[in-house]
Amino acid sequence: MANQGAHQVSPLAPAAFPELPPIAGVRLAAAETGIRYKSRPDVLLAVMEPGTTVAGCFTRSKSRSAPVDWCVDSLEGGSARAVVINAGNANAFTGKAGVATVSAVAKSAAKLLGCKPHDIFQASTGVIGEPLDPSFITDALPKLAEQAEPYAWAMAAKAIMTTDTFAKGATARVKLGGKTVTINGIAKGSGMIAPDMATMLVFLFTDAALPAKILQKLLSKAVDKSFNCITVDGDTSTSDTVLLFATGKAGNATKGLRADDKDLKAFSKALNGLCMDLAHQVAKDGEGAEKFIEIAITGAENDKAAHRIAMSIANSPLVKTAVAGEDANWGRVVMAIGKAGEKAIRDKLKIRIGGITVAKSGMRDPAYKEAEIMPHMKGRHIVIEADVGVAKGKATVWTCDLTHRYIDINGSYRS
């Protein structure tokens, strides 16, 4: 993919990037360094004030990148002063050179900000296996630190894009500890998207005062219900990173606060909603996507089983290509349920597409007429529901269709 800008904008994209308000204690700047892309920003620096706490969730890939390893180690300290992100090179599968690059960037940023290297978090996205010269980033850091300002959210979201066709952002406000707190988030992701968070980078910022341990519990819960419930192609990346920074500048009360406190319920709900918004944007920007697909499973043995069945459907190329062709081929849904490896009672199986029952009692619904479902199949938002007749487990996941443009984009990714 020589030129990200050559890809047409997803028809599922929002009308515009949302207006994200400043977050007290956060400043951002982006720069064009030429790591891979031309005439666009590709390095982002977000600077946080002292006292900022941090939480993170990362890929479970066994070949994870050097920046992911660095972040996992850095989380033990619970504090952060900055995050540095680059697009175009994943700094993954780069051996000792990759470790050296991460260390060099951390030391350079720490010197600028007067903090410890492990207070500098990092993320990289792009081509795997190519060494990343740290000077692209370290040479840009002084100017970035000088130019960082609180309103640069749109530019920040654009700087972390790879095959994305639109920048992704979301914001929320909520009461916590007697104060109004704000949460902002930016994300990138388009392909290599599957649970364990995919080629997905997500950066969340809030002015709430929250201890790192509580922040981690809140983030892990939000990720499980959002980013781990989307898929584009079933492939898990080396670089998945979700980081949440809390500057504490809102001044809300924290004494005696616990993760299960009632006072945190509203904040947790707002965080979950914001993460869901960003997760849906990622699925809607699936490489070559034309349709957004919602898959809801009920009647499973438990919620985990329902999730696995839903993902079996969502990751099926046969289901996804049928949706792309506007073909209500519910037999492919039956196939995907059967191969999921979870309990399902064939003769109790019920399937609905667009609210129309297409199969029940283990066979085609005699009342089903395919002409009735065609208007739904021609739409942008496709809903598939299935009850597998076992118990009360349920789950919902989201994906997109699979079109020929997915091949076009990935067949030329390195060219």
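The values are calculated or read from the model by the stated rules, or taken from the named source; none is laboratory data. From a predicted model like this one, the values you see are computed outputs, not experimental measurements. Ideal geometry is used to build each Cβ from the backbone, glycine not excepted, and the neighbour counts take in all protein chains shown. When the accessible area is computed, the model is the full protein with side chains, heavy atoms only, and any ligands, DNA or RNA have been set aside. Shrake-Rupley method; radii C 1.70, N 1.55, O 1.52, S 1.80 Å.
Given only helices, namely DSSP H runs of n ≥ 4 each adding -39500 (n - 2.57), what is the per-residue ellipticity at 222 nm of the chain, to the nearest 500 deg cm²/dmol?
Computed mean residue ellipticity for the chain: -9000 deg cm²/dmol.
Quick check on packing: order 150-159, 9-18 by the mean number of other C-beta atoms within 10 Å, highest mean leading.
150-159, 9-18
Please list, by residue number, everything in the stretch 333-361 whose backbone N is under 16 Å from a paramagnetic label point 7 Å out along Cα→Cβ of K369.
Once the point is set 7 Å along Cα→Cβ of K369, 356-358 turn out to lie under 16 Å by backbone N, inside the stretch 333-361.
Determine, for the stretch 87-234, the count of lysine pairs separated by eight or more sequence positions (or lying on different chains) whose alpha-carbon distance falls under 13 Å.
Total qualifying Lys-Lys pairs in the stretch 87-234 comes to 6.
Can you pull the percent of the stretch 237-395's accessible area that's carbon plus sulfur, 1.4 Å probe, other chains left in place?
So the carbon and sulfur contribution to the accessible surface is 52 percent.
Any idea what the relative contact order of the stretch 108-267 is, in percent, if you count C-alpha pairs under 8 Å spaced at least 6 apart?
In percent, rounded to a whole number, it is 22.
Give me the orientation-averaged projected area of the Cα convex hull of the stretch 165-303, in nm², one decimal.
Mean shadow area of the hull around the Cα atoms is 9.3 nm².
Let a ≥ b ≥ c be the square roots of the eigenvalues of the Cα gyration tensor of the stretch 81-148; is it rounded (a/c under 1.5), or, if not, prolate (a/b larger than b/c) or oblate?
Prolate, since a/c reaches 1.5 and a/b exceeds b/c.
About the Cα centre of the chain, how large is the charge dipole given +1 on each Lys and Arg Cβ and -1 on each Asp and Glu Cβ? Please answer in debye to the nearest 20.
For the chain, the charge dipole is close to 880 debye.
Note down, for the stretch 7-110, the three equivalent ellipsoid semi-axes (square root of 5 times each alpha carbon gyration tensor eigenvalue), biggest first, whole angstrom.
24, 21, 15
Using only the Cα atoms of the chain, what semi-axes does the equivalent ellipsoid have when each is the square root of 5 times a gyration tensor eigenvalue? Give whole Å, largest first.
Computed over the chain, the values are 38, 25, 18 Å.
Would you please give the residues with an amide H less than 5 Å from that of L176, counting only those at least 5 places away or on a separate chain, with H modeled from the backbone geometry?
Those lying under 5 Å, H to H, from L176 are V181.
For the chain, what is the accessible area per residue in Å², given a 1.4 Å probe and the full set of protein chains?
Dividing the accessible area of the chain by its residue count gives 41 Å².
Normalised by the number of residues in the chain, what is the relative contact order in percent for Cα pairs under 8 Å and 6+ residues apart?
Relative contact order, the chain: 18 percent.
Measure of size requested: the Rg and Dmax of the stretch 221-328, with Cα atoms as the atom set and Å as the unit; please supply both.
Answer for the stretch 221-328, Rg first and Dmax second: 17.6, 57 Å.
Starting from the amide H of A82, placed 1.01 Å from N in the peptide plane, find each other amide H under 5 Å away whose residue is 5 or more places distant or on another chain.
Residues meeting the amide H criterion: M48, F121.
Run the numbers on the stretch 328-410 and let me know its relative contact order in percent, using alpha-carbon pairs under 8 Å that are six or more apart.
Reported relative contact order: 29 percent.
Could you give the semi-axes, largest first, of the ellipsoid that matches the stretch 106-248, computed as the square roots of 5 times the alpha carbon gyration tensor eigenvalues and rounded to whole Å?
Working from the Cα gyration tensor, I get semi-axes of 24, 23, 15 Å.
What is the dipole size for the stretch 219-345, taken about its Cα centre, with +1 at each Lys and Arg Cβ and -1 at each Asp and Glu Cβ, in debye to the nearest 20?
Taking the Cα centre of the stretch 219-345 as origin, the dipole is about 560 debye.
In the stretch 1-119, carbon and sulfur make up what percent of the accessible area (probe 1.4 Å)?
It is 53 percent, rounded to a whole number.
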